[in-house]
Amino acid sequence: MSENVGMSKLPDIFAILTAKFPENSFLKFAYLWENVIFSLFIVLVLALLAFFACRKRGFIPGNRLQVAVELIVEGLDDFVCGIIGPKGRKYTPFIGTLFIYILCMNLSGLIPFMKASTASWSTTLALALCVFFYVQYTAIGELGFLGYMDHLAGKPRGVLAVTIIMPLFILILHIFTELIRPISLSLRLRGNIWGDEVLIALLSGFGIKGLPLLFFNVLMGLLMSVVQAVVFCLLTTIYLALVLNHEEETV
């Protein structure tokens, strides 16, 4: 147990097996790509849950899993539509999938011999880039390319449109803001999950004396996993809301 004090994280199943069988090339490969493997494992678990939840669908839910899934979906839809408005239902599948996927990856780091793939920047950056490209695709689809450029330039009209310098400055500033969002979005999620893993690894090295603190930190880790998934999806929803055309909606 004391050997883990100097470690940056608790060893997962691939780290343990690689240390025990250092000459095994397959284990070396698995350890190198463990973030992808754990991510795909979460995808498999969620796919199986979705299959069993939808296997016997009915207007009146016939099993508890279907009830639970419907409650989660309804809650996510209310969350998205509460920010974007009625048009938000179109984006609930994307944002809802992000939330469930990120939450499950966060929580997997609290399971012995597992690892939270979101503690790796490669994973969180990939998720943030998905959000970035989806927002740009949505913006161009909603506003058109020229309309999106007009939106980024602050919709200059009248005298402001004649003074090219100010709209150009706003355009460059907004483009820079759009480009920086994936970095901030990914680093925020990665930093919090990674920091929690480091703290758990540190406390586990204290043995019996560290159990109270370890138990408290695991509870905080559960809360942190939920909060970070919510924050990631909240920011995604806000990014989408900012590029949608709300002029046709009735107030």
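At a glance:
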| quantity | calculated |
| --- | --- |
| Selection status of Ile200, open to solvent by 60 Å² or more (accessible area, probe 1.4 Å), over 24 Å from Leu98 (Cα atoms) and either outside any helix (DSSP H, G or I) or modelled with pLDDT of 80 or more (or both) | no |
| Filter result for Leu222 (at pLDDT below 85 and either at negative phi or under 14 Å from the mean Cα position of the chain (by Cα) (or both)) | no |
| Criterion (at pLDDT below 90, farther than 21 Å from Leu98 by Cβ and not in a loop (DSSP other than H, G, I, E, B)) met by exactly one of Leu168, Leu173 | Leu168 |
| Residue within the stretch 55-65 that is more than 15 Å from Ser225 (Cβ to Cβ), assigned to a helix (DSSP H, G or I) and either open to solvent by 30 Å² or more (accessible area, probe 1.4 Å) or not small (Gly, Ala, Ser) (or both) present | yes |
| Residue tally, condition farther than 12 Å from Leu110 by Cα and open to solvent by 30 Å² or more (accessible area, probe 1.4 Å), over the stretch 208-228 | 8 |
| Residue count, the stretch 104-123 (criterion: among the hydroxyl-bearing types (Ser, Thr, Tyr) and part of a loop (DSSP other than H, G, I, E, B)) | 1 |
| Count of the stretch 124-165 residues which are part of a helix (DSSP H, G or I), open to solvent by 50 Å² or more (accessible area, probe 1.4 Å) and among the charged types (D, E, K, R) | 1 |
| Unmet requirement for Trp194, which otherwise passes all of (1) touching a residue at least 60 places away in the same chain (Cβ under 8 Å); (2) closer than 22 Å to Leu98 by Cα; (3) open to solvent by less than 60 Å² (accessible area, probe 1.4 Å) | (3) |
| The stretch 174-198 - residue that is among the aliphatic types (A, V, I, L, M) and out of contact with any Leu (no Cβ under 9 Å at 6 or more places or on another chain) and, of those, farthest from Gln228 (Cα to Cα) | Leu179 |
| Among the residues listed as Gly88, Gly82, the single one being of a type outside the set (A, V, I, L, M) and crowded, with 19+ Cβ neighbours inside 10 Å | Gly88 |
| Near pairs, Cβ below 9 angstrom, 6+ apart or cross-chain, from the stretch 11-22 (open to solvent by 60 Å² or more (accessible area, probe 1.4 Å)) to any residue that is of a type in the set (D, E, K, R) and not in a helix (DSSP H, G or I) | Ile13/Lys115 |
| Near pairs, Cβ below 7 angstrom, 6+ apart or cross-chain, from the stretch 90-103 (within 19 Å of Arg190 (Cβ to Cβ)) to any residue that is of a type in the set (Gly, Ala, Ser) | Phe99/Ala229; Ile102/Ala229; Leu103/Ser225; Leu103/Ala229 |
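Residue by residue, here is whether (1) in contact with a helix residue (DSSP H, G or I) (Cβ under 9 Å, 6 or more places away or on another chain); (2) modelled with pLDDT of 95 or more; (3) of a type outside the set (Gly, Ala, Ser) holds:
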site	(1), (2), (3)
Val73	yes, no, yes
Cys81	yes, no, yes
Gly88	yes, no, no
Ile95	yes, yes, yes
Ile102	yes, yes, yes
Ile111	no, no, yes
Ala116	yes, no, no
Ser122	yes, no, no
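The values are calculated or read from the model by the stated rules, or taken from the named source; none is laboratory data. Bear in mind the structure is a predicted one, so any value in this text is a computation, not a measurement. Because the Cβ atoms are built from the backbone with ideal geometry, glycine has one as well, and the counts that use them run over all protein chains shown. Only protein heavy atoms, including side chains, enter the accessible area calculation; ligands, DNA and RNA are left aside. Shrake-Rupley method; radii C 1.70, N 1.55, O 1.52, S 1.80 Å.
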